[in-house]
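Laboratory data are not the source of any read-out in this text; all were calculated from the coordinates shown. Here the structure is a predicted model, which means the values were calculated and not measured. Positions of Cβ are generated from backbone atoms using ideal geometry, with glycine treated the same way; all protein chains shown enter the neighbour counts.
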Amino acid sequence: MSRSVLVTGGNRGIGLAIARAFAESGEKVAVTYRSGEPPQELTDLGCLAVRCDITDPEQVEQAYKEIEEKHGPVEVLVANAGVTKDQLLLRMSEEDFTSVVDTNLTGTFRVVKRASRGMLRARKGRVVLISSVVGLMGSAGQANYAASKAGLVGFARSLARELGSRNITINVVAPGFVDTDMTRALGEERRAEIAGQIPLARYAEPAEIAASVRFLASDDAAYITGAVIPVDGGLGMGH
Ligand code: NDP
């Protein structure tokens, strides 16, 4: 298939692995990046890299215009961009809370809303949101992040009901701990402690998250919508 695919935050980590997986399947992939220069690998893969901070509605609009011009309307959207700003509740500032929600939840709302226009017109579309096991289990010191990631579930399930009759599916992937910059920031001791709680006793590789995302965008997943797929080595079982 050669669909127009957009991955937000596709310049590194899980987003880059998702972009790679779709590009290797022959799709037309666009990624957004917020800062720095996109890696050479994206060019080598033939991906279009567009600068866009998803907290800015104008940048989101501009990015979509550029992508639509070059690849046509987005048919598969993967809302992956996200941030953490960990802090215990009493030390968590208003800004720590609202900025994480603005990126992870409201930013996702912005990109999904914009993509839905073309999908409604085409009467088809696939949307995958990257949440987290933490949104379902909770995590001390991550109330802002967990709230934003749990919010994605209600958002997706509402849209599954709203958009399903137009042949648009929207699903959530909830990764556990994945080996990326985000978790490398935790430090060796904390990383080892977390690995000890994971039934599969290791962190995920970004490609293992990408495989589930690609499945949800494939024909084989045509009848799956409103689902939350855990890809967490068993960490969140029962949630
Ligand atoms: P990284 O920190 O490695 O990458 C985050 C990506 O999001 C970067 O591309 C970053 O851009 C982008 N981004 C952040 N803020 C914005 C913004 N305001 N506008 C546009 N892009 C933005 O994270 P991961 O790859 O680890 O995580 C990807 C997603 O997976 C996130 O949503 C995360 O919450 C989720 N996740 C990660 C887990 C993990 O263990 N790593 C576990 C569960 C979920 P830039 O390079 O410019 O900063």
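In percent, what relative contact order does segment 27-152 have, based on Cα pairs under 8 Å that are 6 or more apart in sequence?
Worked out over segment 27-152, it gives 26 percent.
Going by average Cβ neighbours within 10 Å, how do the peptides 144-153, 128-137, 35-44 rank, with the highest at the top?
Result, highest mean first: 128-137, 144-153, 35-44.
What is segment 137-239's relative contact order, in percent, from Cα pairs under 8 angstrom and six or more apart in sequence?
After rounding, I find 37 percent.
Report the relative contact order of the chain, percent, no decimals, based on alpha-carbon pairs under 8 angstrom and at least 6 residues apart.
With pairs under 8 Å counted, the relative contact order is 19 percent.
Please give the contour-minus-distance gain from residue 167 to residue 90: 0.36 nm per residue of separation, less the Cα-Cα distance, rounded to one decimal in nm.
Once the chain is fully extended between residue 167 and residue 90, it gains 23.3 nm.
Work out the charge dipole of the chain with +1 on the Cβ of Lys and Arg and -1 on the Cβ of Asp and Glu about the Cα centre, then indicate which of 71, 116, 234 is farthest towards its positive end.
Result: 116.
Taking amide H positions as placed 1.01 Å from N in the peptide plane, with prolines and chain starts having none, which residues 5 or more places from residue 83, or on another chain, fall under 5 Å of its amide H?
104
Long-range amide H contacts for residue 30: which residues qualify at under 5 Å (H placed 1.01 Å from N, peptide plane, sequence gap of 5 or more or a different chain)?
5, 6, 7, 48
At 0.36 nm per residue, minus the direct Cα-Cα distance, what do residue 219 and residue 70 gain on full extension? Give it in nm, one decimal, please.
That pair, residue 219 and residue 70, stretches by 51.2 nm at full extension.
For the chain, go through all pairs of different Cα atoms, get the mean of 1/r, take its inverse, and jot down that Kirkwood value in Å.
For the chain, the Kirkwood estimate is 17.9 Å.
How do the peptides 89-102, 196-209, 169-182, 112-125 rank, highest first, by the average count of neighbouring beta carbon atoms within 10 Å per residue?
Going from most to least packed, we get 169-182, 112-125, 196-209, 89-102.
Using the structure shown, list the pairs from 28/124; 70/113; 65/149; 85/124; 113/149; 65/113 with a Cα-Cα distance above 26 Å, or answer none.
Among 28/124; 70/113; 65/149; 85/124; 113/149; 65/113, the Cα-Cα distance tops 26 Å for 65/149; 85/124.
Which whole DSSP H helices in the chain pass both tests: a Cα extent of 27 Å or more along the axis and a mean Kyte-Doolittle value no lower than -1.0?
The qualifying helices are 143-163.
How many nm separate the modelled label positions at residue 24 and residue 207, each set 7 Å beyond the Cα in the direction of the Cβ?
Placing both labels 7 Å beyond Cα along the Cβ direction yields 0.5 nm.
Whose amide H sits under 5 Å from the amide H of residue 229, counting only residues 5 or more places off or on another chain, with H placed in the peptide plane?
172, 173, 174
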